[in-house]
1. Determine the gain in length on full extension of the stretch ASP14-GLU34; use 0.36 nm per residue of separation and subtract their C-alpha separation, reporting nm with one decimal.
2. Sort out for me the Cα centre separation of region 55-74 from region 16-33, rounded to whole Å.
3. Could you report the accessible area of SER33 in Å², rounded to 10, computed with a 1.4 Å probe on the protein chains as they sit in the structure?
4. Quick one: dipole size for region 38-87, taken about the Cα centre, charges +1 on Lys/Arg Cβ and -1 on Asp/Glu Cβ, in debye to the nearest 20.
5. First compute the accessible area of region 19-84 with a 1.4 Å probe, then give the percent of it belonging to carbon and sulfur atoms.
6. For ARG43, ARG15, what's the largest-to-smallest order of accessible area, 1.4 Å probe?
7. Residue-wise, which Karplus ³J(HN,Hα) couplings in Hz belong to region 51-68, taking 6.51 cos²θ - 1.76 cosθ + 1.60, θ = phi - 60°, and x for glycine or proline?
Amino acid sequence: MEIDNINTSITDWDRIDAMTDEEIDTSDIPPLSEDFFTKAQLRMPKSSVKITVEIDPETFAWFQAQGDNYEQQMAVALKIYAEAHKAYSKSEEKSA
């Protein structure tokens, strides 16, 4: 099966919505212990930084064509890029 649009889901959401809590198989989820709750910490997301950046018109048009949340998708794309390069930089440091 080929998915034309990254935003297209192949999940049968109607079937999922119709399921009761008892019908959901959670057997692969381990129970949370008291130790988990003792060590648990509330982590609030960092607020984002608003900037202005120049982007070529074709790239901007492509992101806009992805839907109303194109700005969020651009931010995620940049984060993925940065994380990939952080990992690459660390592996380069180890080999030097």
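1. My answer for the length gained is 3.6 nm.
2. 37
3. SER33 exposes around 60 Å² with every protein chain in place.
4. Result for region 38-87 is approximately 600 debye, rounded to the nearest 20.
5. Accessible surface attributable to carbon and sulfur in region 19-84 totals 58 percent.
6. I get ARG43, ARG15, largest accessible area first.
7. The phi angles translate into 9, 10, 9, 8, 10, 5, x, 5, 5, 4, 4, 4, 4, 4, 5, 7, x, 5 Hz.
The values are calculated or read from the model by the stated rules, or taken from the named source; none is laboratory data. Everything numeric in this text was worked out from a predicted model, so none of it was measured. Heads up, the Cβs are rebuilt from the backbone with ideal geometry, glycines too, and the neighbour counts pull from every protein chain shown. Side chains are part of the model used for accessible areas, which takes the heavy atoms of the whole protein and leaves out ligands, DNA and RNA. Shrake-Rupley method; radii C 1.70, N 1.55, O 1.52, S 1.80 Å.
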